[in-house]
Amino acid sequence: MDLKVYIALSILLPLVGTIMIWMSGARPNQREVVTIITAGLTFLCVIQLLPAVLAGQQPELVVAELMPGLNLAFKIEPLGMLFALIASFLWIVTSFYAIGYMRGHHEPNQTRFYMCFAIAISSALAIAFSGNMFTLFIAYEVLTLSTYPLVTHSQTDEARRAGRVYLGILMSTSIGLLMIGVIWTWHAAGTLDFTEGGILRGKVDDGLVIVLLFLYMYGIGKAALMPIHRWLPAAMVAPTPVSALLHAVAVVKAGVFTVLKVIIYIFGADFLTETGASVWLMYVAGATVLLASLVALTKDNLKARLAYSTISQLAYIVLAGALATSHSLVGGAMHIAMHAFGKITLFFCAGAIMVASHKTEISQMRGLGWKMPYTFAAFLIGSLSVIGLPPLGGSWSKWYIALGAVDAEQIIFVAVLMISSLLNIAYLIPVFARGFFGPREEEEAQMADDRGHGDADHGDAPGSGAHAATGKRIQEAPLFCLVPLWLTAIGCIALFVYADRLHAMLAPIVK
Amino acid sequence: MLSSHLPVLVIVIPLICAPLCILFRGKDQAFGIALVAIWSSFACACLVTARVMTEGTISYELGGWPPPIGIELRIDALNALILLIVSGIASVVAPYSRNSLLLEYVEDRSYMFYSAFLLCVCGLMGVAVTGDAFNLFVFLEISSLSSYVLIALGFDRRALTASYQYLIMGTIGATFIVISIGLLYQATGTLNMADIAKRLPEHGYDRTVICAFAFMVIGAGLKIALFPLHQWLPNAYTYAPSTVTAFLAATATKVSVYILLRFLFTVFGVKFSFEVLPTAMPLMILAVMAMFIPSIVACFQKNVKRVLAYSSVAQIGYMILGISFVNLTGLTAGILHLFNHALMKGALFLVLGAIVYRIGSCNIDRMAGIARRMPWTMAAFVGGSLSLIGIPMTAGFISKWYLIVAALEKGWWYIAVLIVASSLIAVIYVWRVIESAYFREPPNDLSEISEAPLSLLIPAWILVVANVYFGIDTSLPVGLSELAARALMGAG
C-alpha cells in the first residue's frame, strides 16, 4: 500500500515544488532552498521503492482512466527504477551546481528556470514509472514542452532559432510518428500495457513490425538517432545546468529509455530477433555512433562537441536495443547510468570553465588546466568513463553491449564499438591535454603582450589578457560548481566498482 | 412539474428576455437580463443533459399537440451535447462581452447587442432541440439573422462588408436547406424528422429525394463553412467584435454540423446517404483538403484572428472527416471534436479579444513582446494552442486520438498520416504567434500596456481549464459522443 504513495509522491513532489518555487520567486535564497529540499525529498521517495523492486515486486498505481481501456497508470520495473534513481539523484547534484552557475553567470529569469526544471524532472520520473505506452507518451510530451522554455532561456534570436529546431524536431517526430505508432499498436494489440515478452506477438505480420519499429524509433526523437539528431546540438544554447541534467541525462535518457522499454515490453526482444525486424536499426544506430563521433571531432565549441558525443553514446543504447540479446539489453540499460554520470561530469566541467573563465571554445583553453586543476581532473575522469576505460563505469556497459553483438553474431558492431572508443579518445582527450600541455601562464602573458590590443576584447574575462599578470593563482569555479562535478566524477568510479549490483538489479528485464 | 418543461425552457428563456433587453435599455439592466437568461438556460441544458443520460431520448410536445402534426422537441445525446456547447460557451462569453464591448464603440447601444445575442443563442439552441424540420429552418434563420447583426457591430467598417458577405452566403445556404425540406415534405407529406425518416424508405428514393439530399448537403455545407464553401468565414470572424467571434466560432458552425449529421444519418438514413449515394468519398476528399489548404493559408496570415479563422475551417475538416468514415469510432471522433473544438477556439478567441482590448489590434507584429506585458493572457493563449495542436492532457488530443483510431479501424493508415501531418501545420501557425509574443522586443509604445482586466481574463481561463479538464476526465464528452454516434448509426 505504502509503495503507491511513494510513486505518487515521486511525481507530485516536484510539481508541488514548482508552485513553491514560484511563490518564493522574489527571494532567491528561499527559492533555491526549496529546490534543493524538493530534490532531496523526491530522491528519498524514489529510493523507498528500490527494496521492493530489488525483491522482484512491481508496484503499481492506476491514477485514472482517460479513455475507455487507456489508463494513466504507473508500474515500476527495474529499468524504470534505474532511470528514476539516476534522474532524481542527479537532480540534487545539479540543483547545487545550478545555484553556483546561475548566480555566477548572472542569468535572468531564474525563477522560471527552476520551475521548468522541476516540471521536467517530474515528467522524467513519470516516464520512468509509466505502466503503459499511453502514460509514457503523455509524460514524454510534457517533458518536451517543459524543456522548451529552458532551451530558449536567454530569449535571444539564437535561442529562438534553436527553440524552433528543438520543438520542431521533437514535436513533429512525436506527433507525426510516435503517436501513430502508439495508436496503431493500440489498434492492433488492444492494449498498451508494458508486458514482459511484448504485446505484439501474433498480432501483426512481419512487414508491419518493421513499420512499427520505424515509427517508434524515429518517433522517439529524444533518442537523437541520425538524421533527427539536430535538436540536441541546438539545445546547447541553454544554460549549462540544463545541458548537463536534461540534455545529457533526463531528456535524452528518457529517449533511449523509451527505446529500450518499447523494445523489451512492447515488441519483446525475442519477437524482434525472430522476425529480424531490427536489423536495419542496428546499421542506423551503428552509423550514428561513428558519424556523430566524427562530427564531434570537428567541433571547437566544447558544449557542441559534448552534444555530438552524446548523440553517439545514445546510439550505443539504441544499438544495444536493436541487437536485442540479453547481454546487450542489460548493457544498454547499464549504459544509461554510466553515460549519465560520465557526461554530466563533462558538462559540469564545461559550465565551470564558462563561469570561471568565460571560455567556450576548446581552442581558447590552452593552459587553462593549471588554473582550474580540479575541474580538469574531473574532466579527465568523465572522459575516460565515456571512452570506456577501466576503472570507470563506462567500461562495463560497453563490454556488455559488445558481448551482445557477439551473441547476435553481428561481429561488425564489435568493430564499430571499438572504433568509436578510439574516436572518443580523439575528441575528448585533447580538451584535457590542451588544458595542461599548452603554454603556462607566464608564456601566455608574454603572448598576450605580443598580441597587444588583439586580446583586449577579452579583458573582462578574469585570467586572460591583462589579468594574466596576476600569475598562476588558481582561479577555480565557485565551490557550488566544483563539489557537484567531483561528486559525479566519483560516481563514475563507484559505478565501476559496484557494477555487479547494477547488473543484478537489471537482470530481471531479460529473464 | 417544471422539470417536464425543461426542453422548451432552454429556448423560451432567451427568447423572452431578448425583447426585455430592449425594453429596459440601460446597459447594466440589459447586461443583467442577458446574463440571467443565458445562465438559467445553461442550467436547464445541464438538467436536460442529465435526464437524457439517465432516461434516454426526451420527447416534448409543444403546446400539447402530438407529433407529427404538432411540433415536437426531441432531445437525444447529440442534441444534448449541442445544447451544452451552445449554452455553455454563451455563459462564458456573456460576462466577457460587457467589458469587451467598450472597445467596439457600441456601448451606448449595448442593449441591441444583448438582444441580438440572446436571439442568436435562442436560434442555435432551437435548432438543437427541435424535432421538426421546418422549425429547424426557422430557428436557423433566427440565429443567422441575429449573427449578421452581431458581426456588423464590429468597430472596423469592414465588418459591414464581412457581414454582408456572410448574409449572402448564409442566405443561399438557408434557402438550399429550406428547398430541401420542401422537397422532403412534398415526398413524404410530413415535417417531423423522425416521421420523415420512417416514411422515406416506403416512398422510395426517387429523384425528388435525391435532389432534397443534394440541396441539404450543399446548404448545410455553406453554413458549416465546409471547404471550399468557407469564403465567408475568415472575414466574418476577423471583423466581428471579439466576443461575437468567440461565440460564433465555438457554436455556429457546430450547430450546422449538427444539421448535416441529423439529416444524413437520421432523416435520410445511413443506408441511403452512404450506400445508395456515394457521399462518404467526396466528403472525405473535401475534409482532407480542408485540413490542409486553409491550414497552409493560416501560416501566412498577419492578423491572428484570421489565422484562427482559417484554422477553424481546417478543424471543421476533422469533424467532417470523422463523419465520412461512417463507422462508430469515426462518428464519435467527429462529434467529440465538435465539443472539443468549441472549447479550444472559444478559449483562443477570448484571449485574442483581451489582447485587442489592450493594444487595439491582433496583428502578429503588433503582438511582439506582448507576453512580457500580459503574461497571463499569453499563457492562456499557449494553453489553448496546445489543445489546438493536440498535445496530450488536452481536449484536442482526445479527439485526435479517436480520429486516428477510426482511420486505422478502416485500415486507412494514410489518412492517419494526413491527420497528424495537418496537426503539425497547426504547430507552425500557432508557434508563429507564440514566438512573436515571447521572443520579439516589444515596441516602445507598448510599455504602458498592462494585463487584461479580470472580466476578460477569467472567462478565457475558464475555457483553458476546461480544455485541460476534458483532456483528462473525458467521460462526459466521450460518453455523450458515443451515445450520439450509436444512436445515429443505429437510426439507419
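The values are calculated or read from the model by the stated rules, or taken from the named source; none is laboratory data. Since the model is a prediction, treat every value here as computed from it, not as a measurement. Reconstructed Cβ throughout: ideal geometry from the backbone, glycine too, with neighbour counts over all protein chains shown.
Quick one: would you say B:Thr243 is out of contact with any Cys (no Cβ under 7 Å at 6 or more places or on another chain), touching a residue at least 40 places away in the same chain (Cβ under 8 Å) and either over 27 Å from B:Ile285 (Cβ atoms) or not aromatic (Phe, Trp, Tyr) (or both)? First the steps, then the outcome.
Details: out of contact with any Cys (no Cβ under 7 Å at 6 or more places or on another chain): yes; touching a residue at least 40 places away in the same chain (Cβ under 8 Å): yes; either over 27 Å from B:Ile285 (Cβ atoms) or not aromatic (Phe, Trp, Tyr) (or both): yes.
So B:Thr243 passes the test.
Does A:Leu200 satisfy being aliphatic (A, V, I, L, M) and not in a loop (DSSP other than H, G, I, E, B)?
Details: aliphatic (A, V, I, L, M): yes; not in a loop (DSSP other than H, G, I, E, B): no.
In short, no.
Let me confirm something: among A:Leu54, A:Leu50, which residue is in contact (Cβ under 8 Å) with a residue 24 or more places away in the chain, within 30 Å of A:Arg501 (Cα to Cα), loosely packed, with under 15 Cβ neighbours inside 10 Å and over 21 Å from the mean Cα position of the chain (by Cα)?
Working: A:Leu50 fails: loosely packed, with under 15 Cβ neighbours inside 10 Å.
Criteria check complete, one pass: A:Leu54.
Which numbered condition in (1) more than 13 Å from the chain's Cα centre (by Cα); (2) surrounded by 24 or more Cβ atoms within 10 Å (Cβ to Cβ) is the only one that A:Thr345 fails?
With (1) more than 13 Å from the chain's Cα centre (by Cα); (2) surrounded by 24 or more Cβ atoms within 10 Å (Cβ to Cβ) applied to A:Thr345, the lone miss is (1).
Residues of region A:60-71 being more than 8 Å from chain B (Cβ to nearest Cβ) and closer than 14 Å to A:Leu136 by Cβ, which ones? Full working, then the answer.
To start, the set of residues in region A:60-71 that are more than 8 Å from chain B (Cβ to nearest Cβ) comprises A:60-63, A:65, A:69-71.
Residues satisfying the conditions are A:Val63, A:Leu70, A:Asn71.
List the helices (runs of 4 or more DSSP H) that sit entirely inside region A:429-511 and contain at least 2 residues that are among the aromatic types (Phe, Trp, Tyr) and modelled with pLDDT of 80 or more. Spell out the reasoning first.
Numbers: elements: A:441-451, A:479-497, A:499-506.
Once the helices (runs of 4 or more DSSP H) in region A:429-511 are filtered for at least 2 residues that are among the aromatic types (Phe, Trp, Tyr) and modelled with pLDDT of 80 or more, what remains is A:479-497.
Failed condition for B:Ser385, given (1) hydroxyl-bearing (Ser, Thr, Tyr); (2) free of Cβ contacts under 8 Å to residues at least 12 places away in the same chain; (3) buried (at least 24 other Cβ atoms within 10 Å of the Cβ), with all others met?
Looking at each condition in turn, B:Ser385 falls short on (2).
Can you tell me which residue within region B:360-397, out of those that are β-branched (Val, Ile, Thr) and within 13 Å of B:Ser423 (Cα to Cα), is farthest from the other protein chains (Cβ to nearest Cβ)? Steps first, answer last, please.
The initial filter retains those residues of region B:360-397 that are β-branched (Val, Ile, Thr), namely B:364, B:370, B:377, B:382, B:389, B:391, B:394.
Within this subset, residues satisfying the condition of being within 13 Å of B:Ser423 (Cα to Cα) are B:389, B:391.
On the way: B:Ile389: 8, B:Ile391: 5 Å.
The extreme case among them is B:Ile389.
Any residue at all in region A:208-228 that is within 22 Å of A:Pro68 (Cβ to Cβ), more than 14 Å from every other protein chain (Cβ to nearest Cβ) and over 17 Å from the mean Cα position of the chain (by Cα)?
Among the residues of region A:208-228, not one is within 22 Å of A:Pro68 (Cβ to Cβ), more than 14 Å from every other protein chain (Cβ to nearest Cβ) and over 17 Å from the mean Cα position of the chain (by Cα), which makes the answer no.
What is the number of the single condition among (1) crowded, with 24+ Cβ neighbours inside 10 Å; (2) over 25 Å from the mean Cα position of the chain (by Cα); (3) of a type outside the set (Asp, Glu) that B:Ile210 does not meet?
Of the numbered conditions (1) crowded, with 24+ Cβ neighbours inside 10 Å; (2) over 25 Å from the mean Cα position of the chain (by Cα); (3) of a type outside the set (Asp, Glu), the odd one out for B:Ile210 is (1).
Among the residues in region B:349-359, are any touching a residue at least 12 places away in the same chain (Cβ under 8 Å), within 10 Å of chain A (Cβ to nearest Cβ), surrounded by fewer than 23 Cβ atoms within 10 Å (Cβ to Cβ) and part of a helix (DSSP H, G or I)?
No, the conditions are met nowhere in region B:349-359.
Considering only region A:180-211, how many residues are buried (at least 21 other Cβ atoms within 10 Å of the Cβ), aliphatic (A, V, I, L, M) and out of contact with any helix residue (DSSP H, G or I) (no Cβ under 6 Å at 6 or more places or on another chain)?
Qualifying residue count, region A:180-211: 0.
Return the pair list, or none, for Cβ contacts closer than 6 Å from residues in region B:162-175 that are touching a residue at least 12 places away in the same chain (Cβ under 8 Å) to residues that are basic (Lys, Arg) and surrounded by 19 or more Cβ atoms within 10 Å (Cβ to Cβ), at least 6 apart or on different chains.
Listed by first residue and then by second, the contacts come to B:Gly173/B:Lys223.
On the given criteria, is A:Ala322 among the aliphatic types (A, V, I, L, M), touching a residue at least 60 places away in the same chain (Cβ under 8 Å), in a helix (DSSP H, G or I) and touching a helix residue (DSSP H, G or I) at 6+ places or on another chain (Cβ under 9 Å)?
No.
Quick check on region B:470-489. Is at least one of its residues touching a residue at least 60 places away in the same chain (Cβ under 8 Å), buried (at least 19 other Cβ atoms within 10 Å of the Cβ), touching a Phe, Trp or Tyr at 6+ places or on another chain (Cβ under 7 Å) and facing chain A (nearest Cβ under 10 Å)?
Yes, the conditions are met somewhere in region B:470-489.
Looking at the structure I just gave you, is A:Asn29 within 14 Å of chain B (Cβ to nearest Cβ) and out of contact with any Cys (no Cβ under 8 Å at 6 or more places or on another chain)?
On the way: within 14 Å of chain B (Cβ to nearest Cβ): no; out of contact with any Cys (no Cβ under 8 Å at 6 or more places or on another chain): yes.
Judged against the criteria, A:Asn29 is not a match.
Pairs only if they're at least six apart or on different chains, beta carbon under 6 angstrom, first in region B:361-374 and within 19 Å of B:Gly154 (Cβ to Cβ), second surrounded by 20 or more Cβ atoms within 10 Å (Cβ to Cβ) and among the basic types (Lys, Arg); list them, first residue then second.
Close Cβ pairs satisfying both conditions: B:Cys362/B:Lys305.
If B:Pro282 satisfies every condition in (1) surrounded by fewer than 24 Cβ atoms within 10 Å (Cβ to Cβ); (2) more than 14 Å from chain A (Cβ to nearest Cβ); (3) over 18 Å from B:Pro228 (Cα atoms) but one, which is the exception?
Unmet for B:Pro282, out of (1) surrounded by fewer than 24 Cβ atoms within 10 Å (Cβ to Cβ); (2) more than 14 Å from chain A (Cβ to nearest Cβ); (3) over 18 Å from B:Pro228 (Cα atoms): (3).
Determine whether region B:69-76 contains at least one residue that is basic (Lys, Arg), modelled with pLDDT under 90 and over 28 Å from B:Asn192 (Cα atoms). Before the answer, list the steps.
Step one: list which residues in region B:69-76 are basic (Lys, Arg), which gives B:74.
Right, trim to modelled with pLDDT under 90 and you get B:74.
The next check asks that each one be over 28 Å from B:Asn192 (Cα atoms); those that pass are none.
Within region B:69-76, not a single residue is basic (Lys, Arg), modelled with pLDDT under 90 and over 28 Å from B:Asn192 (Cα atoms).
Give the residues of region A:123-135 that are within 17 Å of the chain's Cα centre (by Cα) and within 13 Å of chain B (Cβ to nearest Cβ), sorted by residue number.
Of everything in region A:123-135, those that are within 17 Å of the chain's Cα centre (by Cα) and within 13 Å of chain B (Cβ to nearest Cβ) turn out to be A:Ser123, A:Ala126, A:Ile127.
What's the total number of residues in region B:280-332 that are in a loop (DSSP other than H, G, I, E, B) and in contact (Cβ under 8 Å) with a residue 24 or more places away in the chain? Even if it seems obvious, please write down each step before you answer.
Let us first name the residues in region B:280-332 that are in a loop (DSSP other than H, G, I, E, B), namely B:299-302, B:325-327.
Applying the additional criterion that residues be in contact (Cβ under 8 Å) with a residue 24 or more places away in the chain yields B:299, B:301-302, B:325-327.
Counting residues in region B:280-332 that are in a loop (DSSP other than H, G, I, E, B) and in contact (Cβ under 8 Å) with a residue 24 or more places away in the chain gives 6.
Restricting to region A:120-158, give me the number of residues that are part of a helix (DSSP H, G or I) and farther than 23 Å from A:Leu70 by Cα. Give the derivation first.
Of region A:120-158, the ones part of a helix (DSSP H, G or I) are A:120-129, A:133-151, A:157-158.
Add one more test, that the residue is farther than 23 Å from A:Leu70 by Cα, and what stays is A:120-121, A:146-151, A:157-158.
The total comes to 10.
Starting from residues that are touching a residue at least 24 places away in the same chain (Cβ under 8 Å) and among the acidic types (Asp, Glu), keep the ones in region A:155-207 and report whichever is nearest to the other protein chains (Cβ to nearest Cβ).
For region A:155-207, the residue satisfying everything is A:Glu158.
Out of the residues in region B:177-207 that are touching a residue at least 60 places away in the same chain (Cβ under 8 Å) and in contact with a Leu (Cβ under 9 Å, 6 or more places away or on another chain), state the one that is surrounded by the most Cβ atoms within 10 Å (Cβ to Cβ).
Applying the filter and picking the extreme gives B:Leu184.
Counting just the residues of region B:413-438 that are touching a residue at least 12 places away in the same chain (Cβ under 8 Å) and hydroxyl-bearing (Ser, Thr, Tyr), which one comes out farthest from the other protein chains (Cβ to nearest Cβ)?
The selected residue is B:Tyr429.
Of (1) under 20 Å from A:Pro484 (Cα atoms); (2) in contact with a strand residue (DSSP E or B) (Cβ under 7 Å, 6 or more places away or on another chain), A:Asn132 satisfies all except one. Which?
(1)
Within 14 Å of chain A (Cβ to nearest Cβ), part of a helix (DSSP H, G or I) and free of Cβ contacts under 8 Å to residues at least 24 places away in the same chain - does that describe any residue in region B:402-412? Step through it out loud before you land on a result.
Here is the first cut: in region B:402-412, the ones within 14 Å of chain A (Cβ to nearest Cβ) are B:402-412.
Checking which are part of a helix (DSSP H, G or I) leaves us with B:402-409.
Now drop any that are not free of Cβ contacts under 8 Å to residues at least 24 places away in the same chain, which leaves B:404, B:408.
So far as region B:402-412 goes, yes, one or more of its residues are within 14 Å of chain A (Cβ to nearest Cβ), part of a helix (DSSP H, G or I) and free of Cβ contacts under 8 Å to residues at least 24 places away in the same chain.
Which of the residues that make up region A:60-119 are in a helix (DSSP H, G or I) and touching a Lys or Arg at 6+ places or on another chain (Cβ under 8 Å)? Even if it seems obvious, please write down each step before you answer.
Taking region A:60-119 and keeping what is in a helix (DSSP H, G or I), we get A:78-104, A:110-119.
Listed by number, the residues that qualify are A:Leu79, A:Gly80, A:Phe83, A:Ile86, A:Ala87, A:Gln110, A:Thr111, A:Tyr114.
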